[in-house]
Amino acid sequence: MSAVLEVKNLKKSFGGIQALKNVSFNVEQGEILGLIGPNGSGKSTFVNVVCGLYRPDAGKVLLKGDDVTGLEPPLAASRGIARTFQSSRPFLNLTVLDNVIVAALIDENRVDAAEKIALKTIKFTGLEQYVNTKSCNLPVEKRKRLDLCRALATKPSIMMLDEVMAGLNPKEMEEGIELLRLINQTGITIIFIEHVMKAVMALCHRVVVFNQGELLAEGEPQIVMKDERVVKAYLGGSYKPC
Amino acid sequence: MSKKMKYAVAGFFALLILAFPLLVDNPYIIHTFFMVFLFATMGLGWNLIGGYGAQLSLGHAAFFAVGAYTAVLFVVYKSITPFLGGVVGIVFAVILAIIIGLPSFRLRGPYFTLSTIAAAEIVRTLLLHFQDFTGGANGIPIPFKGENPLFLQFYSKAPYYYLALIMLIAVFLLLRFLEKSKIGRYLAAIREDQDAAESLGIKTHKVKMIALIISAAITAACGVLYAFTVGFIDPDSIAGLSLSIEIAVVVIVGGIGTLWGPIVGAGVVILLTELTNMYLGAMRSGASLMLYGLLLIIVILFKPQGLSALFRKKS
Amino acid sequence: MGRNGLTEFVPSRQEGGKGVDLNIFLQTSINGLMIGGVYALVAVGLTLIYGVMRIVNFAQGEFVMLGMYASWMLATFLKIGPYPGLFLVGLFMLGIGWLIFKTLINRVVGKPDEVAILLTLGLSTFLQNAILMIFGADYLTVQTTIKDAAFNMAGLSVPYARVIAFLVALLFVGLLSYLLAKTDLGRAMRASAESRDIAILLGINPKFIFTVAFGIGICMAGVAGVLLTPMFYVYPGIGTLFNTTAFVVVVLGGMGSVPGAFLGGLIIGILESLTGTYVSLDLAPIGTFMIFLIVLFLRPSGLFGRSVN
């Protein structure tokens, strides 16, 4: 399997704080990679750097071999890097359909063609009954789904999801997990920042652990989660396995 | 009201508007409606960047003046028809728009607004300064040498009325098309959430720039028409902050970001202005501008969506 | 009458190109510095209001104008000159500031920038034209005992009026800086400027802080107006001039930074004066705007401001 995303020696600091110290790893084509770690470990910064919101101080990001380091967000998106935000950000005064049409226009110049793609994507993500609902009238769980739907409509190679499971009840989470599996099956690579371990275990092929801006561990979820260093990072060093 | 009734009423009003100059003899009244159409058109143009794009411009007078002065100077110095001179004026206005937009679209906050004010003031100051060429503070009159359609010279006010009406309809249709087009949808997305829009591949600077360019072109064209209708232009009247404010007020009062807003707003504001001028006679310009200020305050505080929100059935 | 209603003598452009005469350069610079102090005063008020409550006050210039008219009225009807009347006008403007904040500004705090811009724009238009209707468009003057008298030394002539304006402006800015740095109220204002949420958590009542900050900002504009009356004609449109200049200064200095606004005011004052003398009197505003656009292009956060993106 080839790497769809290669991250090499990424560094980023804000003022005096080093959010990313020297991060290097690869993301394989078609996998769901979990990105976990305690709060403040640099996960969101990482996503923001890859999708272009921040420029890294040093290091490279390669997408399918092409250098995309520091590309501004719109350009990163047209290359195939999609992301969702921590709190859902639909275009509130627009309907679900209009929201997704905006996304689908990334590759289309004609609105009717974009509309067709939008409708297909809306169906795929299970939002048909909300097609003409203004997104400000959607409940939180559906808004998150809309975020996913929009990102999907931009025909990405890789989707970076920032805590998409937060605040969902068990049933909604099951449905979310199922949807992400479906998305992954279409060939889209997913980077999955999550705190909800159940979802991580259920979905991720591999997991990468951040701690204080550095890569702490890498590997299959079950193995990594038992790693003593990882446990210590989460619990602050006072945990002793019995 | 049934649909048939609605079409009948609309048709009646359309007929009335079309036949108006033939029914009414008073040039002052015809001119007032001319101004309504002109401001409605300018309002629609402003709305593209100010309403749909959510970038508040207080410098649109610059585009108006650039269009007007270019066309007038071409006539006065080179005897070239305003149909050509106006096109050149529009090109200049577009260049000015690019100069303004390039640095300020990168920034958030009120910086864009301040840039537009600075740009308009620079235009006005330059027009005043090069007085040998532009007539300075005294302005330029357009010498009337008899009826000449090619040079937009008519005895009656009616042709100007119809020209303004045609322009209004054209711009209205343009905006209606743009609203649902890729550009219009991208603008709406940017207005709603710029960061989310960028994450979906929208090049926000480019989109805002296109909106500003179209807006500038429309405003410049209005400047050309105005100049030849009134027959006289001077920097303080047409390149001043007051005009920029008037354009913005028309849209905000009528309903920012809506298609009918500028039209409703133009009607309301111009009519109120004329009434105020009629009753407060000698204090002319002060009274109407004071009214603008008051209207702006009231609308912002109590009905920020503007008056056309009152006509909308669902929210 | 000189540029924009200036009533006193302004050194004219050197014939035959850029003046090598050091005297003209110094004279121009000092004149500019003095008036720069007043610009600084107006701008500091503006930047304070923005810094503490994030309101862009487009009517700041109009409050300068109001200060001028208040001063004129005191002089005309009560025979109180601008300098003796300064304190009274200052108090009056504090009251106006309180009133405007309570009735208008308070309702839009926390809303997007555009709302405040439009509201204060409406206020500015309203005030300017209300004054026009009440007082007419006539250019009024305020007589002072020190009219046209000047310090003369080393070949330079600096009018008393300018020096007093500069010094009083300096005093007010100094007082404000002291307030901000050393008093609880000032600290509360700075906290509020840094972060609304934290300020509230610290038990600071934002509404009170905002009212005071706004009042001070308006007062400074009004006082600036009084200081300007011996030098400028008083007419309804004079506010616009100072408004635009104040905004350029604030952007140059960094929005929300008091030292920035102060320094920026002096710089703009000098630059404008130099442009007026060496380029052309009526092109002086262009110099100011050019600076504004250059700052926006190169360093939008200004001299002392925080990053703008």
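Roughly how tilted is helix A:140-153, in degrees to the nearest 10 and between 0 and 90, from the longest Cα axis of chain A? Around 80 degrees separate the two axes. For chain C, the longest principal axis of the alpha carbon atoms and the long axis of helix C:60-77 meet at an angle near 60°. Our coupling estimate for segment C:187-193, obtained by passing each phi through the Karplus curve with A = 6.51, B = -1.76, C = 1.60 and θ = phi - 60°, is 5, 4, 5, 5, 4, 4, 5 Hz, Gly and Pro reported as x. Helices in chain B that qualify as membrane-span-like (whole DSSP H runs, Cα extent of at least 24 Å along the helix axis, mean Kyte-Doolittle hydropathy of 0.5 or higher) are B:3-23, B:27-47, B:60-78, B:82-104, B:111-129, B:158-180, B:204-230, B:261-279, B:284-302. About the centre of its Cα atoms, segment B:23-237 shows a dipole size close to 540 debye [charges on the beta carbon of Lys, Arg (+1) and Asp, Glu (-1) only; nearest 20 debye]. In chain C, the calculated helix contribution to ellipticity at 222 nm averages -23000 deg cm²/dmol per residue, counting -39,500 (n - 2.57) for every DSSP H run with n ≥ 4. Residues A:Lys171, A:Lys21, ranked from the fewest to the most other C-beta atoms within 10 Å, line up as A:Lys171, A:Lys21. Per-residue shielding of B:233-241, expressed as the average number of other chain Cβ atoms within 10 Å of the residue Cβ, stands at 1.
Structure note, pairs A:Lys12/A:Lys198; A:Lys43/A:Lys226; A:Lys60/B:Lys203; A:Lys120/A:Lys144; A:Lys134/B:Lys303; B:Lys180/B:Lys208: Cα-Cα distances above 26 angstrom occur for A:Lys12/A:Lys198. Taking 8 Å as the Cα distance limit and 6 or more residues as the minimum spacing, I'd like the relative contact order of segment C:46-90 as a percentage. Result for segment C:46-90 is 24 percent. For segment B:129-156, there are no residues whose amide N sits under 11 Å from a probe point set 7 Å from the Cα of B:Asn277 along the beta carbon direction. Using only Cα atoms, tell me the angle between helix C:82-103 and the longest principal axis of chain C; keep it within 0 to 90° and round to the nearest 10. Around 30 degrees separate the two axes. Shown for chain C: lysine pairs separated by 8 or more places, or found on different chains, whose C-alpha atoms are under 20 Å apart, numbering 4. Ordered by the count of other Cβ atoms within 10 Å of each Cβ, fewest first, B:Met35, C:Met220 give B:Met35, C:Met220.
Shape class of segment A:147-228 from the alpha-carbon gyration tensor: prolate, with a/c at 1.5 or above and a/b greater than b/c.
Dipole check for chain C: with +1 at the C-beta of Lys and Arg, -1 at the C-beta of Asp and Glu, and the Cα centre as origin, the magnitude is about 660 Debye. Counted by neighbouring Cβ atoms within 10 Å, the residues A:Leu92, C:Leu41 run from fewest to most as A:Leu92, C:Leu41. Over chain B, DSSP H runs of length four or greater, each weighted -39,500 (n - 2.57), average out per residue to a 222 nm ellipticity of -24500 deg cm²/dmol. Taken residue by residue and averaged, Cβ atoms of other chains lying within 10 Å of the Cβ of B:200-208 number 6.
Quick check: from the Cα gyration tensor, does the protein assembly as shown come out rounded (a/c under 1.5), prolate or oblate? Oblate. Counting only other chain Cβ atoms within 10 Å of each residue's Cβ, the peptide B:110-120 averages 6.
Bear in mind these aren't lab numbers, they're just calculated from the coordinates by the rules spelled out. Note that the structure is a prediction, hence the values are computed from the model and not measured. We place every Cβ from the backbone using ideal geometry, glycine too, and count neighbours over all the protein chains shown.
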